[in-house]
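The values are calculated or read from the model by the stated rules, or taken from the named source; none is laboratory data. Small disclaimer: the values here were computed from a predicted structure and weren't measured. FYI the Cβ positions are ideal-geometry reconstructions off the backbone, even for glycines, and counts take in every protein chain you see. Ligands, DNA and RNA are excluded from the accessible area calculation, which covers all protein heavy atoms including side chains. Shrake-Rupley method; radii C 1.70, N 1.55, O 1.52, S 1.80 Å.
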Amino acid sequence: MPAYTLPDLTYDYSALEPYISGRIMELHHSKHHNAYVTGANTAIEQLEEARATGNLSAVNQLEKNLAFNLGGHINHTALWANMSPDAGGEPHGEIADAITEHFGSFAAFKAQFTAVGAGVQGSGWAILAWDSVGERLVIVQLYDHQGNLTLGMVPIVLLDCWEHAYYLDKLNVRADYIAAWWNLVNWEDANERLARAKTQLNGLIIPA
Ligand code: MN
């Protein structure tokens, strides 16, 4: 059994139109995400083989491959659930209260998150994350699929800023893609992730 499998989407590829085209969703899920699943499983198998043979000469590259591909798998799995055809608008519930508490207002949060996404250099992600050490929401930039992050935080809302996420629809204008994406944010999913993060992660790394 492979360690990782490509999850099905809970909506059709075309369900996020007109904000994200069905063609992009199909390529993004069935090609890009699938390649990360395959890559992560390959890295796991090659590390098993390296241990079995005692030949660990390629271990640095294998660890890099595992981090990159497993990161891609994790990020995209959360990304699909973070979006919904019947979503967008302002948050509600616990996530709305937490955003106001930690960013001042939803408008201030939205402005920072938009700037963070637009500013990602090269390939990467903008992420609203729960920091289980500070017990607060933070916005972070993730380089590629796995860089520039500290341990201790989990994604609540992710925005894929790789060109493959928008180039077919928006060409080089990432700002238009981000503006469209706000109409798809699934705040119900964010609320569920925040509740799990608070109850299951706080105190895990640095006990209170
Ligand atoms: Mn992607």
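One table, with the values for the structure above:
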item	result
Every residue from the range 72-89 that is closer than 13 Å to GLU188 by Cβ and not aliphatic (A, V, I, L, M)	ASN82, SER84, PRO85, ASP86, GLY88, GLY89
The one condition in (1) over 19 Å from THR77 (Cβ atoms); (2) buried (at least 16 other Cβ atoms within 10 Å of the Cβ) that GLN121 fails to fulfil	(2)
Yes/no for ASN65 being modelled with pLDDT of 95 or more and more than 16 Å from the ligand (Cβ to nearest atom)	yes
Test: ALA35 is more than 26 Å from TYR143 (Cβ to Cβ) and either part of a helix (DSSP H, G or I) or away from the ligand (no atom under 13 Å from the Cβ) (or both)	no
Selection count, the range 100-114, where residues are out of contact with any strand residue (DSSP E or B) (no Cβ under 9 Å at 6 or more places or on another chain) and either among the small types (Gly, Ala, Ser) or open to solvent by 60 Å² or more (accessible area, probe 1.4 Å) (or both)	7
Qualifying positions in the range 71-99 - under 22 Å from ARG136 (Cα atoms) and open to solvent by 40 Å² or more (accessible area, probe 1.4 Å)	ILE74, GLU90, HIS92, GLY93, GLU94, ASP97
The range 183-201 residues that are outside any helix (DSSP H, G or I), paired with ones that are β-branched (Val, Ile, Thr) (beta carbon under 9 Å, 6 or more apart)	LEU184/ILE20; VAL185/VAL157; ASN186/VAL157
Failed item in (1) over 29 Å from ASN191 (Cβ atoms); (2) assigned to a helix (DSSP H, G or I); (3) away from the ligand (no atom under 16 Å from the Cβ); (4) not charged (D, E, K, R), with SER14 passing the rest	(1)
Selected residue (criterion: farthest from GLY22 (Cα to Cα)) from residues of the range 162-176 that are in contact with a helix residue (DSSP H, G or I) (Cβ under 6 Å, 6 or more places away or on another chain) and without any contact (Cβ under 8 Å) to a residue 24 or more places away in the chain	ASP176
Number of positions in the range 179-192 that are crowded, with 17+ Cβ neighbours inside 10 Å and farther than 21 Å from GLY93 by Cα	1
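Conditions (1) in the same structural domain as ALA197 (by TED's automatic domain parsing); (2) buried (at least 16 other Cβ atoms within 10 Å of the Cβ); (3) away from the ligand (no atom under 16 Å from the Cβ), marked per residue:
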position	(1), (2), (3)
GLN141	yes, yes, no
GLN146	yes, yes, no
THR150	yes, no, yes
VAL154	yes, yes, yes
LEU159	yes, yes, no
GLU163	yes, no, no
ASP169	yes, yes, no
ARG174	yes, yes, no
TYR177	yes, yes, no
